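Would you mind keeping the following structure in view while I ask a few things?
Just so you know, all these numbers are worked out from the coordinates, no wet-lab data involved. Everything numeric in this text was worked out from a predicted model, so none of it was measured. Cβ placement follows ideal geometry from the backbone for every residue including glycine, while neighbour counts extend to all protein chains displayed.
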Amino acid sequence: MKKKFYIVFVLLLISTMLISGYFLYNELKQDNEQEKIFENLIEIAEEIAEEQNVEEDNINIENLYKINSDIVGWVKIEGTNIDYPVMQTKNNPNYYLRRNFYKEYSVMGTPYLAEQCDLQSSDNLIIYGHHISNNKMFGELEKYKQEDYFKEHQIIKFYTKEEKVEYEIVAVFKTVAYTGFKYYNYYNLKSESEFIAFINKCYDLAFYDTRKKAEYGDKLISLSTCEYSQTNGRLVVVARKIK
């Protein structure tokens, strides 16, 4: 009887290992496929100005727009893995939560602009991205908890069809979605009091003082991802447009 129980136990253990191995392999396969897609998109979008004496990156959104008109921009932080297209589907705001640039299912998804944001009129562009292990997608934002990392990567580049904009980071903080600081509601900061209330809350929650200050009238960009030290945690990096 004990021998039969042992055999059944071993078989169940082997089955569990095989199933777990399959899901792990499948997830790694999807991750690799998604990475290759992003690498290919970079090749399509990036054009080097060879006629200039210095090399200057230039993301041509028009090239990608012809493939998928949901693209609204490209976010990039030099020296990091963050180098991705940014999508937006206002009628289906979380469409790219689990889809790649080609609208196929993807665990990693694709960074996307909050549905309430407008590239031309919003004072704070809020971009969501998954917190994926191995510093993939917005997982690398976790490193911004360390001030030394911030000092080495202070600039966020955001390309649109109209322009290339650089933002300098003013605050990095964590909060709890739904019950904590509702930063995602601050996309139009029309009054000075509303702007000050928002940015002071960002400073209060910040991991450290960046010594960079935003002023009323500044245009902002916020990168948001999950933060796993608390339930429904969010990690947010807020930056102001360099004039």
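If you stretched the chain out fully between Tyr65 and Arg211, how much longer would it get, using 0.36 nm times the residue separation minus the C-alpha to C-alpha distance? Intermediate values should be presented prior to the final figure.
Details: separation 146, 0.36 × 146 = 52.56 nm, distance 3.74 nm.
Value of the extension gain: 48.8 nm.
Please report, in whole Å³, the volume per residue of the convex hull around the C-alpha atoms of segment 69-241.
Details: hull volume 19.9 nm³, N = 173.
Dividing the Cα hull volume of segment 69-241 by its residues yields 115 Å³.
Kindly write out, for segment 98-105 in residue order, the coupling ³J(HN,Hα) from the Karplus curve 6.51 cos²θ - 1.76 cosθ + 1.60 (θ = phi - 60°), rounded to whole Hz, with x marking Gly and Pro.
Karplus values, whole Hz, x for Gly and Pro: 9, 9, 8, 4, 8, 6, 9, 4.
Can I ask one more? If the limit is 29 Å between Cα atoms, which of Lys143/Lys241; Lys151/Lys241; Lys161/Lys201; Lys66/Lys190; Lys36/Lys219 go over it? All intermediate terms of the calculation are to be shown ahead of the outcome.
On the way: Lys143/Lys241 22 Å; Lys151/Lys241 17 Å; Lys161/Lys201 32 Å; Lys66/Lys190 34 Å; Lys36/Lys219 33 Å.
Cα-Cα > 29 Å for Lys161/Lys201; Lys66/Lys190; Lys36/Lys219; rest within.
Mind listing the long-range amide H neighbours of Ala171? Cut-off is under 5 Å, sequence gap 5 or more, other chains count too, H placed in the peptide plane at 1.01 Å from N.
Here Val238 satisfy the definition.
Rounded to whole Hz and in sequence order, give me ³J(HN,Hα) for segment 76-90 from the Karplus expression 6.51 cos²θ - 1.76 cosθ + 1.60, θ = phi - 60°, writing x for Gly and Pro.
Calculated HN-Hα couplings, in order: 8, 10, 4, x, 10, 7, 6, 7, 9, x, 10, 10, 7, 9, 5 Hz.
Around Cys117, under 13 Å between beta carbons, what's the net of Lys plus Arg minus Asp minus Glu among the other residues?
Working: positive: Lys90, Lys219; negative: Glu115, Asp118, Asp123.
Spelling it out: positives minus negatives among the neighbours equals -1.
Could you work out the local net charge near Val72, counting Lys and Arg as +1, Asp and Glu as -1, over the other residues with Cβ closer than 13 Å to its Cβ?
Working: positive: Lys90, Lys161; negative: Glu62, Asp70, Glu115, Asp118, Glu162, Glu163.
Within the 13 Å Cβ shell, the charges total -4.
Continuing with this model, one more query. Read phi for every residue in segment 168-183 and hand back ³J(HN,Hα) as whole Hz from Karplus 6.51 cos²θ - 1.76 cosθ + 1.60, θ = phi - 60°, with x for Gly and Pro.
9, 5, 10, 7, 10, 8, 10, 8, 10, 5, 6, 10, x, 5, 8, 4
Please list, in chain and number order, the residues 5+ apart from Met87 or on another chain whose amide H is under 5 Å from its amide H, with Hs placed from the backbone.
Val72, Tyr112, Leu113
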